1. If we scan the range 19-29, do we find a residue that is modelled with pLDDT of 80 or more and in contact with a Lys or Arg (Cβ under 6 Å, 6 or more places away or on another chain)?
2. Could you please tell me which pairs satisfy a Cβ distance under 7 Å, a separation of 6+ or placement on different chains, a first residue in the range 52-64 that is under 12 Å from residue 31 (Cα atoms), and a second residue that is modelled with pLDDT of 80 or more?
3. For the subset of the range 23-45 comprising residues that are free of Cβ contacts under 8 Å to residues at least 40 places away in the same chain, among the small types (Gly, Ala, Ser) and assigned to a helix (DSSP H, G or I), which member is surrounded by the most Cβ atoms within 10 Å (Cβ to Cβ)?
4. Out of all the residues in the range 46-73, which are part of a loop (DSSP other than H, G, I, E, B) and either modelled with pLDDT of 85 or more or touching a helix residue (DSSP H, G or I) at 6+ places or on another chain (Cβ under 7 Å) (or both)?
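The values are calculated or read from the model by the stated rules, or taken from the named source; none is laboratory data. Given the structure is predicted, the values throughout are model-derived calculations rather than measurements. Using ideal geometry, Cβ is built from the backbone for each residue, glycine included, and neighbour counts are taken over all protein chains shown.
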Amino acid sequence: MSKEQEDRPAFLAQLRRSLARRKLARTGAKLAQVASEVSYRSESAFSRAFVRRLRITLVDACNSVPCVHSLGL
């Protein structure tokens with residue numbers, strides 16, 4: 001497998017997190033809706049991916065608006 005092929009899943013995961021972050025911060029959409037729109041199977045799958053990558057829960061992030069904007073999803 002080439003380096004480019006190995007990097008593709010990481011790039012797609014980063015893209016999905018970035019899109020989700022923008023939607024959550026700018027639209028006030030519900031978490032389940034955003035998770036679905038960025039192709040997570042469920043709200044809980046999105047939540048687990050978020051915690052795994054950022055080591056902070058969505059609840060904690062959403063309780064701090066400045067934090068949401070700087071998370072770098």
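1. Within the range 19-29 (the criterion being modelled with pLDDT of 80 or more and in contact with a Lys or Arg (Cβ under 6 Å, 6 or more places away or on another chain)), the answer is yes, since at least one residue qualifies.
2. Partner pairs satisfying both residue conditions: 58/31; 58/47; 58/50.
3. Quick first cut of the range 23-45, residues free of Cβ contacts under 8 Å to residues at least 40 places away in the same chain only: 23, 26-45.
Among the residues that remain, those that are also among the small types (Gly, Ala, Ser) are: 28-29, 32, 35-36, 39, 42, 44-45.
Okay, now just the ones that are also assigned to a helix (DSSP H, G or I), so 32, 35-36, 44-45.
On the way: 32: 13, 35: 25, 36: 15, 44: 12, 45: 12.
Out of the qualifying residues, it is 35.
4. Of the residues in the range 46-73, the ones part of a loop (DSSP other than H, G, I, E, B) are 55-57, 63-64, 71-73.
57, 71, 73 - these are the residues of the range 46-73 that are part of a loop (DSSP other than H, G, I, E, B) and either modelled with pLDDT of 85 or more or touching a helix residue (DSSP H, G or I) at 6+ places or on another chain (Cβ under 7 Å) (or both).
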